[in-house]
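In what follows, a structure is listed as structure tokens, so that the remarks can point back to it.
The values are calculated or read from the model by the stated rules, or taken from the named source; none is laboratory data. For clarity, every value in this text was computed on a predicted model and none was experimentally measured. Here Cβ is always computed from backbone atoms with ideal geometry, including for glycine, and neighbour counts include all displayed protein chains.
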Amino acid sequence: MLFDYCAECRSCCHVDPGYPPLEVSLTRQEKAKYRSICIETECEHLSTTGCTLGDTKPLSCKLYPLAYNPADGRFHYDNECPLMPEYVRQLAEPGSDARRHLSEMKTVIENIQASEAAFLKRNFSVDKAYFELKELPSANVL
């Protein structure tokens, strides 16, 4: 599985020394559940096997290593994520983990665009500030 390596790498759930804390963007529903999630050095929900929140983790975390720009409807990715070369390669394969992930993220974003426009804008702003983003090739159909 493509994302199995995430539990080993875990770099997306860390803030390097000298950088400001990362306030994870939350939807209204997620704010009601978690209030806030702030990563000062390492996410409190990170264990040796990965995220302890599993399927209930925030959308911004589920979206990673992708970032969605609501201004132009395009997807980008964190260029420093070690999975990205394989992710991009898998986009050409029907049924691949990358295709399933992208499809799921497109569906979720389509469903919340009207009700959570501020979340999408805020999340992309945070992603631009913290990650080295590149446009995701041939996946921008939203």
Taking region 25-46 and the residues there that are without any contact (Cβ under 8 Å) to a residue 60 or more places away in the chain and assigned to a loop (DSSP other than H, G, I, E, B), the one that is surrounded by the most Cβ atoms within 10 Å (Cβ to Cβ) would be 43
Flag for residue 68 being closer than 19 Å to residue 11 by Cα, touching a strand residue (DSSP E or B) at 6+ places or on another chain (Cβ under 7 Å), of a type in the set (Phe, Trp, Tyr) and crowded, with 16+ Cβ neighbours inside 10 Å: no
So is residue 30 more than 15 Å from the chain's Cα centre (by Cα), farther than 21 Å from residue 97 by Cα and of a type in the set (Asp, Glu) or not? no
Taking interchain pairs and intrachain pairs at least six residues apart, which have beta carbon atoms under 9 angstrom, with the first residue in region 77-98 and among the basic types (Lys, Arg) and the second in a loop (DSSP other than H, G, I, E, B) and modelled with pLDDT of 90 or more? 89/96
Residues in region 18-49 that are polar (S, T, N, Q) and under 16 Å from residue 64 (Cα atoms): how many? 2
Restrict the check to region 78-89 and report whether at least one residue is surrounded by fewer than 13 Cβ atoms within 10 Å (Cβ to Cβ) and farther than 19 Å from residue 131 by Cβ. yes
If you go through region 47-93 one residue at a time, how many are of a type in the set (A, V, I, L, M, F, W, C) and assigned to a loop (DSSP other than H, G, I, E, B)? 6
So which residues in region 94-142 are in a loop (DSSP other than H, G, I, E, B) and under 19 Å from residue 31 (Cα atoms), if there are any at all? 113, 114, 115, 116
